[in-house]
1. Residue by residue through region A:100-126, note down the ones that are among the small types (Gly, Ala, Ser) and in contact with a strand residue (DSSP E or B) (Cβ under 6 Å, 6 or more places away or on another chain).
2. Please pick out the residue among C:83, C:69 that is in contact with a Gly (Cβ under 9 Å, 6 or more places away or on another chain) and surrounded by fewer than 23 Cβ atoms within 10 Å (Cβ to Cβ).
3. Step by step: first the residues of region B:224-247, then only those that are crowded, with 21+ Cβ neighbours inside 10 Å and of a type in the set (D, E, K, R), then the one that is nearest to residue B:317 (Cα to Cα). Which residue is that?
4. Any chance region B:184-207 includes a residue that's out of contact with any strand residue (DSSP E or B) (no Cβ under 9 Å at 6 or more places or on another chain), closer than 28 Å to residue C:247 by Cβ and at pLDDT 95 or above?
5. Does residue C:165 count as under 30 Å from residue C:113 (Cα atoms), in contact with a Lys or Arg (Cβ under 9 Å, 6 or more places away or on another chain) and modelled with pLDDT of 95 or more?
6. If residue B:299 satisfies every condition in (1) surrounded by fewer than 23 Cβ atoms within 10 Å (Cβ to Cβ); (2) away from chain C (no Cβ under 12 Å); (3) in contact (Cβ under 8 Å) with a residue 12 or more places away in the chain but one, which is the exception?
7. Quick check on my filter: what residues within region D:307-328 are free of Cβ contacts under 8 Å to residues at least 60 places away in the same chain, part of a helix (DSSP H, G or I) and surrounded by 13 or more Cβ atoms within 10 Å (Cβ to Cβ)?
8. Here are B:91, B:35: which of them is in contact with a Pro (Cβ under 9 Å, 6 or more places away or on another chain) and in contact (Cβ under 8 Å) with a residue 12 or more places away in the chain?
4 protein chains.
Amino acid sequence: MDVVEFRPTPDQYAWTFGGVAPSHRIRPGTVLKLWTEDAFSGRLQRTTDMPSQVLDMTQVNPQTGPFFVEGAEPGDTLAIHIVDLTPARDWAASTTIPFFGALTHPSTLHEPLPERTWIYQLDRAAGTVRFESAALTLDLPLEPMLGTVGVAPPGREVRSSLVPDTFGGNMDTPEMKPGTTCYLGVNVEGALFSVGDGHYRQGEGESCGTAVEGAMDVTLIVELIKGGAPAWPRLEHDDHYAVVGSARPLEDAWRASQVGMVAWLGELYGLDRLDAYQLLTQVALSPLANVCDTNYSALTKIEKRLLPDAAAHGGMHSHLRSLAIGLT
Amino acid sequence: MDVVEFRPTPDQYAWTFGGVAPSHRIRPGTVLKLWTEDAFSGRLQRTTDMPSQVLDMTQVNPQTGPFFVEGAEPGDTLAIHIVDLTPARDWAASTTIPFFGALTHPSTLHEPLPERTWIYQLDRAAGTVRFESAALTLDLPLEPMLGTVGVAPPGREVRSSLVPDTFGGNMDTPEMKPGTTCYLGVNVEGALFSVGDGHYRQGEGESCGTAVEGAMDVTLIVELIKGGAPAWPRLEHDDHYAVVGSARPLEDAWRASQVGMVAWLGELYGLDRLDAYQLLTQVALSPLANVCDTNYSALTKIEKRLLPDAAAHGGMHSHLRSLAIGLT
Amino acid sequence: MDVVEFRPTPDQYAWTFGGVAPSHRIRPGTVLKLWTEDAFSGRLQRTTDMPSQVLDMTQVNPQTGPFFVEGAEPGDTLAIHIVDLTPARDWAASTTIPFFGALTHPSTLHEPLPERTWIYQLDRAAGTVRFESAALTLDLPLEPMLGTVGVAPPGREVRSSLVPDTFGGNMDTPEMKPGTTCYLGVNVEGALFSVGDGHYRQGEGESCGTAVEGAMDVTLIVELIKGGAPAWPRLEHDDHYAVVGSARPLEDAWRASQVGMVAWLGELYGLDRLDAYQLLTQVALSPLANVCDTNYSALTKIEKRLLPDAAAHGGMHSHLRSLAIGLT
Amino acid sequence: MDVVEFRPTPDQYAWTFGGVAPSHRIRPGTVLKLWTEDAFSGRLQRTTDMPSQVLDMTQVNPQTGPFFVEGAEPGDTLAIHIVDLTPARDWAASTTIPFFGALTHPSTLHEPLPERTWIYQLDRAAGTVRFESAALTLDLPLEPMLGTVGVAPPGREVRSSLVPDTFGGNMDTPEMKPGTTCYLGVNVEGALFSVGDGHYRQGEGESCGTAVEGAMDVTLIVELIKGGAPAWPRLEHDDHYAVVGSARPLEDAWRASQVGMVAWLGELYGLDRLDAYQLLTQVALSPLANVCDTNYSALTKIEKRLLPDAAAHGGMHSHLRSLAIGLT
């Protein structure tokens, strides 16, 4: 297996999906050992660092990549398997950015909520991050994930790395974790995918808009499936299938994920649309991902144990899982 | 403990929250052994029964109750503990009702989706219900829940039993299961709560609008807490706290549940609003309940294992759990 | 013509659509000379009166009525013609109610916007009301309208007089003005309609949630059309047809009004759904009504001059206009 | 005055806002005499032309431009005055594109609505376009407008010419007509604005997604104001001020336009936010623009006759109106 290691310098960060020259050309099957800077570009380091003073909002969600995958053409399916996510620092940060987040609203006449920054210390041995507040200190389990995994968008567009959509991007779902295979439809020659925005943990919905944001050491395997591009990003775990929809209002994000799962159930089991709709109604899990970004993201997820065995996308997930053994 | 048993005859069903004379007056601490008819009032029995032909849409979601709880006054908190839910029939039904459900839309120019009815056979020994379709037959785990648990609404209103709102009602969340304590704010003298709409199982979101709908034998314990009415329904399990918000669009349902949880975390741990918002951001689970009813319902849920021990609402849940022992 | 005059005393106000015994039984064709109290029940009188101190939120939008219309049955169409609206006081009030209004949001963590009350003095001779602020004083044209015109809802429900829906209610549209005929589907025996919430003027959207709210002298003629109940309230002026939809999110309110107009164009001209959709696309006016109430309201409106002559609902509007002559 | 004439050939069309090299560099004060192709790139010519067969969805809304305005820097305000819009053909087209339009919905399980194409013949002498259907033929007044007027977006993004947002773009409002001055904030050096998507007429909301789409001869004057960039596009007519907001759900589009107007009223008259909110509540007109595009667009509009005289943006509109005399 080819192995590519890449730790971008700040001038090498990408800030968009699309519109950026590739940092590397890789062959399908390549292992990537990457480093990603945190969503704040490392500028929030102390509880006294206030977003309005230290953040540059044109430099958030720095991306590592994009990677040009040889042979990838529009209509193909990129399979990105997350082998490992390891915090690259011993601390992480979260904050309230004025008028950003689910429990504030920019189109009102309110003053912004107060800015406050939280620094989480990591205890690697215990596998925890520490939430500290005036009233309460809590050690929370470390559960690393990637906020952004995306390819270049279709239709000549270039989108900010803050955006989730059909091309993946800033989906901010805790389901994007070690062991996940993410299937994304390819829109442009080479796919041009990038990753970033590591979270040491995040709740579903990412209420205040920023998770436990930290630099991350990322190990991926990237594969290519000719054809078969799904309309919306699909995730496969050992024990679940999931589809991510992104839109506003939130019901349309979730509906997109549902329609995506109806299609997937049709592919896997030959169910017609109404029978898939019925089955979904009785078995779907529906965890939210983010309700703070430019599009909201919601998942439709099904436990594999409820379904007959199947080899989604030609058994790609099992294949990647077996390749991953020994890489960490 | 007082024990009240009630199996309503069809003329005794209630069809609304509020606006109905109580079927019983009960004292706090009473055990209720109830029977609830299915959401279709038992009219869908065969796969050839089509909703447009056999359903009477003015007679759906029949309620058992309402119960007048002695001493309950506006501003009090009703605690309804679900001791047991046992399917009362060996089959259940689901269907597609024209222009009802998440993946259709009434304000379009489309013809309705085709009507189709599914009958699920129950295997009590195996604890499963059988999904049958042309392409696939699956035995799915029985996971009984109640679609509707509600009190009379505030502001002199009377709402259909299809509606979820601050008063509970048709929330359609799989979290309303045996072992759950549901806390509802009391709006009128006596609270006037009722239950119905049993589901043998349901996915999150209830996509097509109807779960595995079946008659249910329901055992509850009802308690009263003076004062402390939460703004939105709260659920407590042995291992979770949850708040249910109901509104449109879906983001507002979820935001309501989030603001409700910020309040609850404040009560439990003295967290100020911003610290609670931050903690929520990193620990919340956000499963959808329904995206098909007149209001959509969404939950904010936290695992107790992540939080310090606390005795919500004076330890009512533990108290009710201990009372429940021996009742089933 | 029968003429009924009614100036309710405070204990005679209705606070809901449905659930209230009729104040009068009237025959179709009756002229009603009514007085309506303002939305605040007259409690806001000075700029120093703050809503949180003087308002009783269980006593807002007092209704005059309801009126039982003899012969009205479910499926019939009530035609309410507004002959005249004359301010019953020389002043009116508007205010910011905490977390009510379009540019604030209850499901956030913000403190409420400041409360402020504006009193508008009426100049009857000039036909103006005076907006007074620190920076600017303006005389605005008097343009009286009724915020609420509604019948009892279907499905056994009782709704607050703050609610707009298929039954009309608190639609808060400036199009409900002298010269308007409002067509409402009848849901219960006698229709049980009421009116209230007079505005001396209001912008489209009613941003802050309260218009120039004032007591009103109201002259109506009420007629009954057997059958023909429209799905959503219809308005007819000498020069326009309009349909009012009410829902959340706002696009669904507007879509309902559009689907309603597609139906109306079909009735008037025999257009099929696609041709009506196309015509609407090129000729519709789409003014918002309210974006602050429990449901938002939006209109689809067409200028009659763009369409061939037609006699909607059997020419009822012309008939009522001719009856109205001499009544004012 | 500099005069630039430009009739792009098909290979010169721009398909995005941003990401395209300028077709011309112009000085502020330049008169542009442009030709714009219709939204379908001229591919729909007969009622038998079906979108799914003849349209290339990667080639819709062709733009004429972009124009690099010398001296324009981020934070400046571009003033684009529409001197004249004259249909460049004697016919125009409209159609139903599968799952596009307000009364259909892509995230459902419905089959698409039928495709149907309407061709409108222009009668220049009468100033009308002819709607033809099986049931009805109508001559509708010609009211030319531009669907898209936009600058390059901020944040390194490149957006499809189907998108409306803070940078203007595909707002699809009938208010973009001869006599209008459109103020847009500049995001990138040179502003890079383009225009296209001429409509011979359009209703508010653009229900089916396509107006009376036709090629257009366009005369503009372009001016530059240093600084003063508005957050959202502003329009000025001789008799109105308007702000256009674009977002989903629709309430957020309208709220953005409201907050934009609160800001404008503050600039013009020194009103504080609450007084501006109050005044807006009583005087705003709120016509919808589009409820079909990737973002919906809504306007807040005020009649100048209701307000004291003022010289918005330094009296730019009057200045441009006087320059326009003699140009048509």
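1. Those that are among the small types (Gly, Ala, Ser) and in contact with a strand residue (DSSP E or B) (Cβ under 6 Å, 6 or more places away or on another chain): none in region A:100-126.
2. Being in contact with a Gly (Cβ under 9 Å, 6 or more places away or on another chain) and surrounded by fewer than 23 Cβ atoms within 10 Å (Cβ to Cβ) holds for just one of C:83, C:69, which is C:83.
3. Ranking the candidates gives B:236 first.
4. Yes, some residue in region B:184-207 is out of contact with any strand residue (DSSP E or B) (no Cβ under 9 Å at 6 or more places or on another chain), closer than 28 Å to residue C:247 by Cβ and at pLDDT 95 or above.
5. yes
6. (1)
7. Hit for region D:307-328 is D:318, nothing else.
8. Just a single option satisfies the conditions, and that option is B:35.
The values are calculated or read from the model by the stated rules, or taken from the named source; none is laboratory data. Everything numeric here is computed off the predicted structure, so don't read it as measured data. Using ideal geometry, Cβ is built from the backbone for each residue, glycine included, and neighbour counts are taken over all protein chains shown.
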